[in-house]
Amino acid sequence: MRSGQRLGRRFGWLWAAYGTSALGTWLAFGAFPLIAVQVLHAGPAEVAALSSAGAAVGAAAAVPLGPWVEFRRKRPVLIAMDLVRFAALLTIPTAFALGVLTFVQLLLVSVVVAAADITFRAASGAYLKTLLAAEDLLVANARFESTAWTTTIIGPPLGGMAIGLLGPVATVVADALSYLLSALGIRATGGHEPQPERPAATRMRARDLLDGWRYILADATLRPLFFNTALFNGLVMAAQPLLAVLMLGPLGFAPWQYGLAFAAPSIGGLLGSQLARPLVTRFGQHQVLAVAGTLRAIWPIGLAFLGPGTGGLLLVMGVELGLIFCCGVFNPVYATYRLERTATDRVTRTLSAWAVTTKATTALLTAGWGVLGALLGPRTAIGLAGLLLLATPLLLPHRSAALPSEPEPAPEPGRT
């Protein structure tokens, strides 16, 4: 997509696979907690454990997968992770139909899916970097971001209708099938993918598990961006359960109003992702990264002033619209910047370490803010998260830097 609007057939299949699985994920949004409550009669502590512990343990389980995947062809790994998620999710409706579904099974499936998600995302970043020219990466990431926000808009309402008509287990079936279709789409990309070369014929050692973190922390521009995104995402997500408690409890919003407050502003993400490339073309990558990264941090503090009624609903929607728009601009630029800054033979380990840290930080901060909400009240805890978010722009890279040198390709047999 240098002057035309095409990135090739192989990217088209990858994009279609991404959109299919993203839609399936949003169709099943909230299905696990609903199954835990409605089918298994789980209490608040068990539902909280399902949300936080599943992600945290899944992140820990994904740690050794990054170094292992680095030196393997990425397309088979992507297909395998889709099939793992398909098989794991399919055990839930199977067990439900047989009358043997348990909370432990839900927890184990959430762990497997979380670990496979991290591995898939890390491998897909490496695969995308080999699939496209460097100048096309921003266009591709903007398309992924646009697709993500589109499925965010249409997925939960459709999933809610399906849950109302067929129950939450039906949406899990849809989610499982979306991963099967994604695997078929990735298989259809075809083409030859060279086998990554291992620098030495040695077995993986325990210290190799930390290679991704060592690479990030040694880079003067990746390091601050790493801390910025982990802290920003963690604080934003940590405030969400408290906001739900505040809106659905003391402020008396109806569930449909709560859903509308977050679904409608997602249009901002779609618009922001469309503007990412033109803004980078005009102002430069680093400038857009710094400005969008700063602007996205100023919105959440407004949620501390939330009140009841129409005015409160409009306040939430305005704050979320501004936040999501800035994230829609920032995310594809940041994803492209990170890929460009990471050497090709380090992408999987780096992205895996990044995702593990982000998920673990989010789980930890969510648990911590739950305690703060109980001690200080949800409004005060939301305000504290907003204040801390105002400091996150200090962790953005303050200057652009030269791209890392790539390893020389191995000479072809018979050539010197």
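The values are calculated or read from the model by the stated rules, or taken from the named source; none is laboratory data. Being a predicted model, the structure only gives us computed values, none of them experimental. Using ideal geometry, Cβ is built from the backbone for each residue, glycine included, and neighbour counts are taken over all protein chains shown. Ligands, DNA and RNA are excluded from the accessible area calculation, which covers all protein heavy atoms including side chains. Shrake-Rupley method; radii C 1.70, N 1.55, O 1.52, S 1.80 Å.
With unit charges on the beta carbons (Lys and Arg positive, Asp and Glu negative) and the dipole taken about the Cα centre of the chain, which residue among PHE32, GLY160, PHE227 sits farthest to the positive side?
Comparing the listed Cα positions along the dipole, PHE227 ranks first.
Taking +1 at the Cβ of each Lys and Arg and -1 at the Cβ of each Asp and Glu, which of VAL109, ALA123, THR150 sits farthest along the dipole of region 96-177 towards its positive end, judged by Cα position relative to the Cα centre?
It is VAL109, whose Cα lies furthest towards the positive end.
Which percent of the accessible area of the chain is formed by carbon and sulfur heavy atoms (probe 1.4 angstrom)?
69
From largest to smallest, what semi-axes in whole angstrom does region 213-344 give when each is the square root of 5 times an eigenvalue of its alpha carbon gyration tensor?
In descending order the semi-axes read 32, 17, 11 Å.
Going by alpha carbons, how many degrees (0 to 90, nearest 10) lie between the helix axis of 378-389 and the longest principal axis of the chain?
So the helix axis and the longest Cα principal axis differ by about 30 degrees.
Dividing the alpha-carbon Rg of region 129-184 by 2.2 N^0.38 Å yields what?
Its radius of gyration relative to the 2.2 N^0.38 Å reference: 1.52.
If the chain between PHE305 and ILE153 were fully stretched, how many nm would it gain, using 0.36 nm times the residue separation less the Cα-Cα distance?
52.2 nm
If you scale each eigenvalue of the Cα gyration tensor by 5 and take the root, what three semi-axes come out for region 307-388, rounded to whole angstrom and sorted largest first?
Square roots of five times the eigenvalues give 33, 20, 8 Å.
What number, rounded to the nearest 500 deg cm²/dmol, is the helix-based mean residue ellipticity at 222 nm of the chain, given -39500 (n - 2.57) per DSSP H run of at least four residues and division by all its residues?
It lands at -24500 deg cm²/dmol.
Using bins 20 angstrom wide from zero, how does P(r) for the chain break down, in % of all Cα pairs?
25, 61, 14, 1
May I ask for the angle, rounded to the nearest 10°, between helix 285-295 and the longest principal axis of the chain, with both axes built from Cα atoms and the value confined to 0 to 90°?
So the helix axis and the longest Cα principal axis differ by about 10 degrees.
Let me cross-check MET237: its accessible surface, 1.4 Å probe, with only protein heavy atoms counted, in Å² to the nearest 10?
100
Between exposed trypsin sites (Lys or Arg not before Pro) in the chain, where DSSP calls loop and at most 13 other Cβ atoms lie within 10 Å, what's the longest gap?
Answer - 7-202.
For q values of 0.18 Å⁻¹, compute log₁₀ I(q)/I(0) with the Debye formula on a Cα-only model of region 263-316, without solvent.
Relative scattering, expressed as log10 I(q)/I(0), comes to -0.74.
May I ask for the equivalent-ellipsoid semi-axes of region 20-148, computed as the square root of five times each C-alpha gyration tensor eigenvalue and listed largest first in whole Å?
Each semi-axis is the square root of five times an eigenvalue, giving 31, 16, 13 Å.
Give me the number: length gained by fully extending VAL371 to THR294, i.e. 0.36 nm times residue separation minus the C-alpha to C-alpha distance, one decimal in nm.
24.9 nm
Once both axes come from the Cα atoms, what is the angle between helix 9-27 and the longest principal axis of the chain, in degrees from 0 to 90, rounded to 10?
Tilt relative to the chain: about 20 degrees.
Which of these, PRO67, PRO194, PRO300, has the largest mean-square fluctuation under a Gaussian network model of the chain (Cα springs below 10 Å)?
PRO194
Can you give me the accessible area per residue for region 131-177, using a 1.4 Å probe, in Å²?
On a per-residue basis, 38 Å².
Would you work out the charge dipole size for the chain about its Cα centre, treating the Cβ of every Lys and Arg as +1 and the Cβ of every Asp and Glu as -1, and quote it to the nearest 20 debye?
680
If I model a spin label at LEU314 and THR380 as a point 7 Å from the Cα along the Cα→Cβ vector, what separation in nanometres do I get?
Here the modelled spin labels are 3.1 nm apart.
Please calculate how many Å² of accessible area region 260-362 carries per residue, with a 1.4 Å probe and no DNA, RNA or ligand atoms counted.
For region 260-362, the solvent-accessible area averages 36 Å² per residue.
Taking the Cβ-Cβ separation of VAL37 and ASP345 as r and a Förster radius of 45 Å, what is the calculated FRET efficiency to the nearest 0.05?
FRET efficiency, VAL37 to ASP345: 0.45.
Treating only the Cβ of Lys, Arg, Asp and Glu as charged (+1, +1, -1, -1), what charge dipole size does region 90-176 show about its Cα centre? Round to the nearest 20 debye.
Taking the Cα centre of region 90-176 as origin, the dipole is about 120 debye.
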